[in-house]
Amino acid sequence: QGATLMALGTAAAPITFTSAVSAKNLPQRGLWGGLIVLGRAPLGSGPTTRTIEGLSAPDGTYGGTTPDDSSGVIQYVRVWYGGAVIGQDNEINGIT
């Protein structure tokens, strides 16, 4: 929370989030978890904040009381080789 991501790709030049391993080790699934964006805008109902599954507070907290909160822009973005098991029956995949 509190950061801003400005990922402004285009159809002709999308932004690729991927693993840092060398190309000779690709393709391979599950090399990293993916992209997690946790804003401060109010949630639809229930508690003011929640914690994303698999992460503990304060690192995994999202929601809040800032209706005009913005975590930035994600436009023409792709996530390659994401997906990580972080606990039993608990994975992080792609964009959350």
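Couplings for the range 58-75, taken from phi via the Karplus curve 6.51 cos²θ - 1.76 cosθ + 1.60 with θ = phi - 60°, read x, 4, x, 7, 9, x, x, 10, 10, x, 9, 4, 9, 9, x, 9, 10, 9 Hz in order; Gly and Pro are left as x.
Share of carbon and sulfur in the accessible area of the chain stands at 51%, probe radius 1.4 Å. The modelled label-to-label distance for the pair GLU91/ASP69, using points 7 Å beyond Cα in the direction of Cβ, is 2.8 nm. Work out the FRET efficiency for VAL21 and ALA57 from their Cβ-Cβ distance, taking R0 = 35 Å, and round it to the nearest 0.05. Efficiency, rounded to the nearest 0.05: 0.65.
Roll a 1.4 Å probe over the protein chains and send me the accessible area per residue for the chain in Å².
67 Å²
Residues in the range 1-42, backbone N under 12 Å from the label point at TYR76 (7 Å along the Cα-to-beta-carbon vector): list them, ranges by number please. Hits in the range 1-42 for TYR76 at 12 Å: 8-16.
The values are calculated or read from the model by the stated rules, or taken from the named source; none is laboratory data. Keep in mind that this is a model prediction, so the values were computed, not measured. Please note: Cβ atoms are built from the backbone with ideal geometry, for glycine as well, and neighbour counts cover all protein chains shown. Surface accessibility is based on the protein's heavy atoms, side chains included, excluding ligands, DNA and RNA. Shrake-Rupley method; radii C 1.70, N 1.55, O 1.52, S 1.80 Å.
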